[in-house]
Amino acid sequence: MFITLAGPTGVGKTTLARRIAERLRAQLMLDPFADNPFLPQLYEHADIPQTPLALQVELTFMALRVAQLRQIDVLLAHGATVVADWSMAQQVVFAGTTLSAADARRVRASCSVWDDATIRPDLLIALSAPAPLLLRRIARRSRPMESVLSSTDLEKLARAFDTPLHDYAKRVIELDTSTFDALNDQDVTALLARIPAQERS
């Protein structure tokens with residue numbers, strides 16, 4: 001089984017992905033954001049919208065994620081269950097917030113092309129949370145490049161994810177992380193119970 005997560009910065013994707021992978025004894029695949037050399041520069045120039053740098057960030061992310069999908073394909077072929085704290089939905093939504101409308105459409109079209117050639121997730125867990133909560137969580141993890149994100153930035157991003165994501169997986173579960181606690185065993189157990197047994201086997 002292949003499970004992916006999507007949602008705005010600070011919503012808790014990595015924490016939940018780790019918990020699910022642990023419970024399902026699955027292979028965990030983390031978003032390669034640290035491998036994108038243009039991302040820190042983009043955060044530094046967050047006040048300049050739709051820069052050429054933003055296009056470099058998105059195209060680099062696409063290449064990194066497609067490469068990771070190739071690795072996931074091999075793992076699934078060998079019988080592994082895989083949990084990723086990102087999805088191609090993430091790629092499309094972020095492009096819509098950082099690029100011009102024309103370039104965002106090109107990214108969406110490119111993702112569709114690669115989607116035809118790669119494994120399609122069995123389940124996408126779409127996470128949401130209000131902007132003030134996202135801001136508090138980002139402050140707690142203290143990543144220097146995220147310190148420039150404002151409440152306005154996060155409100156825009158949260159709204160961008162408030163869209164149907166069913167085009168990016170066979171099934172979608174929506175989860176509000178302002179009430180769901182990924183560190184609470186009962187909450188995680190309840191979430192796993194929503195995954196049909198035949199998908200977890």
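When LEU183, LEU149 are checked against the criterion of being surrounded by fewer than 12 Cβ atoms within 10 Å (Cβ to Cβ), in contact (Cβ under 8 Å) with a residue 12 or more places away in the chain and in a loop (DSSP other than H, G, I, E, B), a single residue qualifies: LEU183.
When we screen GLN68, GLN27 for residues that are without any contact (Cβ under 8 Å) to a residue 60 or more places away in the chain, out of contact with any Leu (no Cβ under 8 Å at 6 or more places or on another chain), of a type in the set (S, T, N, Q) and closer than 29 Å to MET1 by Cα, the only hit is GLN68.
Looking at segment 1-29, which of its residues are assigned to a helix (DSSP H, G or I) and open to solvent by less than 20 Å² (accessible area, probe 1.4 Å)?
At the first step, the residues of segment 1-29 found to be assigned to a helix (DSSP H, G or I) are 13-24.
Hits for segment 1-29 are LEU16, ALA17, ILE20, ALA21.
Would you point out the residue of segment 152-179, among those that are over 30 Å from ASP115 (Cα atoms) and part of a loop (DSSP other than H, G, I, E, B), that is farthest from the chain's Cα centre (by Cα)? If you could, list the steps in order and put the result at the bottom.
Keep residues of segment 152-179 that are over 30 Å from ASP115 (Cα atoms), which gives 152, 178-179.
Retained after the next criterion (residues that are part of a loop (DSSP other than H, G, I, E, B)): 178-179.
On the way: SER178: 17, THR179: 19 Å.
The extreme case among them is THR179.
Condition check for GLY96 on (1) in a loop (DSSP other than H, G, I, E, B); (2) open to solvent by 20 Å² or more (accessible area, probe 1.4 Å): one failure, at (1).
Determine whether segment 36-52 contains at least one residue that is charged (D, E, K, R), more than 18 Å from TRP114 (Cα to Cα), crowded, with 16+ Cβ neighbours inside 10 Å and in contact (Cβ under 8 Å) with a residue 40 or more places away in the chain. I'd like the intermediate steps shown before the answer.
Here is the first cut: in segment 36-52, the residues charged (D, E, K, R) are 44, 47.
Still in the list and also more than 18 Å from TRP114 (Cα to Cα): 44, 47.
Then keep just the ones that are crowded, with 16+ Cβ neighbours inside 10 Å; that gives none.
The answer is no, given that none of the residues of segment 36-52 is charged (D, E, K, R), more than 18 Å from TRP114 (Cα to Cα), crowded, with 16+ Cβ neighbours inside 10 Å and in contact (Cβ under 8 Å) with a residue 40 or more places away in the chain.
Please go through segment 99-121 and pick out each residue that is of a type outside the set (D, E, K, R), assigned to a helix (DSSP H, G or I) and open to solvent by 30 Å² or more (accessible area, probe 1.4 Å). Across segment 99-121, the qualifying residues are ALA101, ALA102, ALA109, SER110, SER112, VAL113, TRP114, ALA117.
The values are calculated or read from the model by the stated rules, or taken from the named source; none is laboratory data. Given the structure is predicted, the values throughout are model-derived calculations rather than measurements. We place every Cβ from the backbone using ideal geometry, glycine too, and count neighbours over all the protein chains shown. Protein only, heavy atoms only, side chains kept; ligands, DNA and RNA dropped before computing areas. Shrake-Rupley method; radii C 1.70, N 1.55, O 1.52, S 1.80 Å.
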